[in-house]
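**Q** Below is a structure I'd like to ask you about.
The values are calculated or read from the model by the stated rules, or taken from the named source; none is laboratory data. Here the structure is a predicted model, which is why all the values come from computation and not from measurement. Backbone-built Cβ (ideal geometry, glycine too); neighbour counts: all protein chains shown.
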Amino acid sequence: MPKTTLTISSKNYSSWSLRGWLLARFAGLEFEEVMVDPDDVDARAEMLLLAPSILVPCLRHQGIKVWDTLAIAEYLAEIRPKAGLLPHDRAARAHCRAICGEMHSGFVSLRSALPMNLKGHYPGYKVWSRAQGDIQRVLAIWQQCLATYGGPYLFGERSMADAMYAPVVTRLHTYDVAVPDAASQAWCARILAMPEMQAWTAAALLEPEAIDELEMEF
């Protein structure tokens, strides 16, 4: 049987790689990482928002190739239903899919203004108005989910939604963006403290490469 692999790019900068990697970990799938050099033209274009996420992440499992993070999430939910990537309740599943789709296709201003950079920290960073609107919408999603399903994760138990929004948590931390409500603060802290996030971040901090276009200057 062909080995299972997940193709990813920079752990410091690639938010889509992080989402795909977390989803596979949440599903309990054993896989080998295949790293794409950040200097690869396609990978760099994806991270600089000049191209859709096509190259990374890409899951190869039992001879099947799945790319695009949301497709990977649905595939993993199908082959590992007991992992809980989707909630058991139909209404909650629909809600989960909706906010995952919103993350997947939206928040362009947030992505542009606050690129993922786990090595960076920019206290007092000024967020431009369009990105602020995206941030407020994300915070509203978190507040609604945590109030509706009671935490400690967005849908009670850990789901694909937590993987999809985890990179936003790192962005808010990197750029010193305040999270106003206690429930969302606790969820953010829980996401950053997950063993999976700790392992990913530790690896990101060891990366020697820097992508100048994604480094903020003051």
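**Q** Quick check: anything in segment 23-46 aliphatic (A, V, I, L, M), at pLDDT below 95, assigned to a loop (DSSP other than H, G, I, E, B) and not assigned by TED's automatic domain parsing to the domain that holds Arg171?
**A** Just the residues of segment 23-46 that are aliphatic (A, V, I, L, M), to begin with: 23-24, 27, 29, 34-36, 41, 43, 45.
If we keep only those that are at pLDDT below 95 too, we end up with 34-36, 41, 43, 45.
Imposing the further condition that a residue be assigned to a loop (DSSP other than H, G, I, E, B) reduces the set to 36.
From what's left, not assigned by TED's automatic domain parsing to the domain that holds Arg171: 36.
Yes, segment 23-46 contains at least one residue that is aliphatic (A, V, I, L, M), at pLDDT below 95, assigned to a loop (DSSP other than H, G, I, E, B) and not assigned by TED's automatic domain parsing to the domain that holds Arg171.
**Q** With respect to Glu157, determine if the residue is farther than 23 Å from Thr201 by Cα and of a type in the set (Asp, Glu). Steps first, answer last, please.
**A** Numbers: farther than 23 Å from Thr201 by Cα: no; of a type in the set (Asp, Glu): yes.
Considered against the rule, which asks whether it is farther than 23 Å from Thr201 by Cα and of a type in the set (Asp, Glu), Glu157 comes out as no.
**Q** Sticking with this one: Is segment 55-66 home to any residue that is at pLDDT below 90 and β-branched (Val, Ile, Thr)?
**A** Within segment 55-66, one or more residues are at pLDDT below 90 and β-branched (Val, Ile, Thr).
**Q** Starting from segment 48-61, keep only residues that are more than 22 Å from Ile79 (Cβ to Cβ), then list their pairs with residues that are modelled with pLDDT of 50 or more and small (Gly, Ala, Ser) whose Cβ atoms are within a distance under 8 Å, requiring at least 6 positions of separation or different chains.
**A** Listed by first residue and then by second, the contacts come to Leu49/Ser112; Ala51/Ala45; Leu55/Ser9; Leu55/Ala43.
**Q** Return the residues of segment 77-98 that are part of a helix (DSSP H, G or I) and out of contact with any Phe, Trp or Tyr (no Cβ under 8 Å at 6 or more places or on another chain); say none if nothing qualifies. Please lay out each step first, then the result.
**A** Filtering segment 77-98 for residues part of a helix (DSSP H, G or I) gives 77-79, 81-83, 90-98.
Scanning segment 77-98 gives Ala77, Glu78, Ile79, Pro81, Lys82, Arg90, Ala91, Arg93, Ala94, Arg97, Ala98.
**Q** How do the pairs read when you match residues in segment 163-175 that are over 15 Å from Leu23 (Cα atoms) with residues anywhere that are surrounded by fewer than 21 Cβ atoms within 10 Å (Cβ to Cβ) and of a type in the set (Asp, Glu), using Cβ under 7 Å and keeping only pairs 6 or more apart or on different chains?
**A** none
**Q** Looking only at segment 77-101, which residues are touching a residue at least 60 places away in the same chain (Cβ under 8 Å) and out of contact with any Asp or Glu (no Cβ under 7 Å at 6 or more places or on another chain)?
**A** Ala77, Leu85, Leu86, Pro87, Ala92, His95, Cys96, Ile99, Cys100
**Q** Just to be sure I understand, how many residues within segment 123-155 are over 24 Å from Phe26 (Cβ atoms) and among the β-branched types (Val, Ile, Thr)?
**A** 2
**Q** In addition: Between Glu207, Glu213, which is at pLDDT below 95, acidic (Asp, Glu), over 29 Å from Glu74 (Cβ atoms) and surrounded by 14 or more Cβ atoms within 10 Å (Cβ to Cβ)?
**A** Just a single option satisfies the conditions, and that option is Glu207.
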